[in-house]
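Worksheet: one structure, shown below.
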Amino acid sequence: MTLSSDVTGGSDVTAGAEATAGADVTDVSDVADVLDVTRAEVCAVAISDLFVGAGEILASPTGLVPQLGARLARLTHAPELMLSDGEATMFADTPAIDEPFTEPEHYLPYRALFDLIARGKRHVVMGGSQLDQYGNHNFSAIGNWQRPSHQLLGARAAATNTANHAVSYWIPRHAPRVFVPAVDTVCGAGSVRLADARFADLRRVVTNLAVLDFSGPGGTMALVSVHPGVSVAEVAAATGFDLHIADEVPTTRLPTAGELALIRERLDPRDARYREVPR
């Protein structure tokens with residue numbers, strides 16, 4: 001769905017200058033036509049903005065839209081961002097998200113990856129089946145740990161990630177069953193558990209409706225911006241706990257015309273992004 005049909009929601013995005021919440025990486029005069037921008041493209045740009053000022057770190061995005069956002073960041077405001085195939089090689093090229101890398105740059109064995117992790121030189125964008133108001137994260141099991149109703153991925157490296165370097169989350173379907181009062185199993189640690197973790201850096205949550213962070217009272221989740229066409233009430237209703245909501249909530253910025261061209265013509269010409277966030 002393009003924004004032309006639902007731009008009459010609670011957020012006024014008719015003026016480009018108002019669609020600049022998040023990092024200031026764009027000349028607002030270059031903002032794309034709001035009527036032609038899709039929700040998936042807004043999400044990709046919001047994830048790209050997670051890497052503003054990142055410098056030479058390894059980006060580890062999980063999911064199609066996060067991969068799109070990380071590659072968009074590398075081609076625009078974060079040229080030093082390192083990208084890998086998720087196995088043992090970093091690459092110099094930035095292909096479309098449904099094409100393989102072809103220009104190996106560095107060998108990245110596990111020992112080198114762990115060195116990057118230990119030095120905080122990594123930013124992971126993880127998925128999640130449950131998140132609570134403090135950012136505790138679960139993609140291991142739903143229900144009682146001894147007899148779960150659903151067995152999922154397992155804890156994997158979520159705890160290590162949250163304790164050592166920047167972590168953000170991508171939730172393509174913002175719903176109460178994901179944003180829960182308490183997660184069934186803790187995989188990635190939240191703000192309270194990370195209070196004494198020297199290198200922890202819990203950043204943001206990007207969803208198909210909004211951008212959130214943990215700037216609320218006591219490290220709780222707060223609403224940073226709503227996507228064009230989404231109302232604050234819609235986000236609150238899709239969240240299973242009380243969000244910290246400021247009096248004025250800005251609209252997530254739109255892509256620039258240049259960013260939109262990169263998304264559509266170079267990084268995702270076959271529209272894979274709509275598998276996660278339909279038009």
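So which pairs qualify, if the first residue must be in the range 115-126 and farther than 15 Å from P61 by Cα and open to solvent by 40 Å² or more (accessible area, probe 1.4 Å), the second must be at pLDDT below 95 and not basic (K, R), the Cβ gap must be under 8 Å, and the two must be at least 6 apart or on different chains?
The qualifying pairs are A118/N164.
Going through the range 168-204 one residue at a time, which ones are in contact with a Ser or Thr (Cβ under 7 Å, 6 or more places away or on another chain) and over 20 Å from R275 (Cβ atoms)?
Correct list: P176, F179, T185, C187, G188, A189, L194, A200, L202, R203, R204.
Going residue by residue through the range 129-150, is there one that turns out to be more than 27 Å from R39 (Cβ to Cβ), of a type in the set (A, V, I, L, M, F, W, C) and out of contact with any Leu (no Cβ under 8 Å at 6 or more places or on another chain)?
yes
Inside the range 240-279, can you point out the residues that are closer than 26 Å to V180 by Cα and over 17 Å from the mean Cα position of the chain (by Cα)?
Correct list: G240, F241, D242, L243, H244, I245, A246, D247, E248, V249, P250.
Looking only at the range 265-279, count every residue that is touching an Asp or Glu at 6+ places or on another chain (Cβ under 8 Å) and either without any contact (Cβ under 8 Å) to a residue 12 or more places away in the chain or surrounded by fewer than 17 Cβ atoms within 10 Å (Cβ to Cβ) (or both) and tell me the total. Full working, then the answer.
Step one: list which residues in the range 265-279 are touching an Asp or Glu at 6+ places or on another chain (Cβ under 8 Å), which gives 268, 270, 272-273.
With either without any contact (Cβ under 8 Å) to a residue 12 or more places away in the chain or surrounded by fewer than 17 Cβ atoms within 10 Å (Cβ to Cβ) (or both) added as a condition, the list becomes 270.
Number of matching residues: 1.
Restricting to the range 95-114, what's the tally of residues that are free of Cβ contacts under 8 Å to residues at least 12 places away in the same chain and closer than 30 Å to H150 by Cα?
0
Just to be sure I understand, how many residues within the range 256-279 are in a loop (DSSP other than H, G, I, E, B) and either out of contact with any strand residue (DSSP E or B) (no Cβ under 8 Å at 6 or more places or on another chain) or among the charged types (D, E, K, R) (or both)? Don't jump to the end; show me each part of the working.
Just the residues of the range 256-279 that are in a loop (DSSP other than H, G, I, E, B), to begin with: 268-271, 276-279.
With the extra rule that they be either out of contact with any strand residue (DSSP E or B) (no Cβ under 8 Å at 6 or more places or on another chain) or among the charged types (D, E, K, R) (or both), the set shrinks to 268-271, 276, 278-279.
The number of residues fulfilling the criteria is 7.
Could you check the range 119-150 and list, in sequence order, the residues that are among the aromatic types (F, W, Y), closer than 23 Å to H174 by Cα and at pLDDT below 95? Outline the logic, then answer.
Step one: of the range 119-150, the residues among the aromatic types (F, W, Y) are 134, 139, 145.
Retained after the next criterion (residues that are closer than 23 Å to H174 by Cα): 134, 139.
Residue satisfying the conditions is F139 alone.
Which residues, counting only those in the range 138-153, are free of Cβ contacts under 8 Å to residues at least 24 places away in the same chain and either crowded, with 22+ Cβ neighbours inside 10 Å or of a type in the set (G, A, S) (or both)? Don't jump to the end; show me each part of the working.
The first filter runs over the range 138-153 and keeps only residues free of Cβ contacts under 8 Å to residues at least 24 places away in the same chain, leaving 146-147, 149-153.
Result: S149, single match.
What are the pairs with Cβ atoms under 6 angstrom where one residue, in the range 69-94, is polar (S, T, N, Q) and the other, located anywhere, is open to solvent by less than 30 Å² (accessible area, probe 1.4 Å) and modelled with pLDDT of 95 or more? Sequence gap at least six, or different chains.
Listed by first residue and then by second, the contacts come to T94/R71; T94/R74.
The values are calculated or read from the model by the stated rules, or taken from the named source; none is laboratory data. Just so you know, these numbers come straight off a predicted model, no measurement behind them. As a convention, Cβ positions derive from the backbone with ideal geometry for all residues, glycine included, and neighbour counts pool all protein chains shown. Note: areas computed on protein heavy atoms with side chains; ligands, DNA, RNA excluded. Shrake-Rupley method; radii C 1.70, N 1.55, O 1.52, S 1.80 Å.
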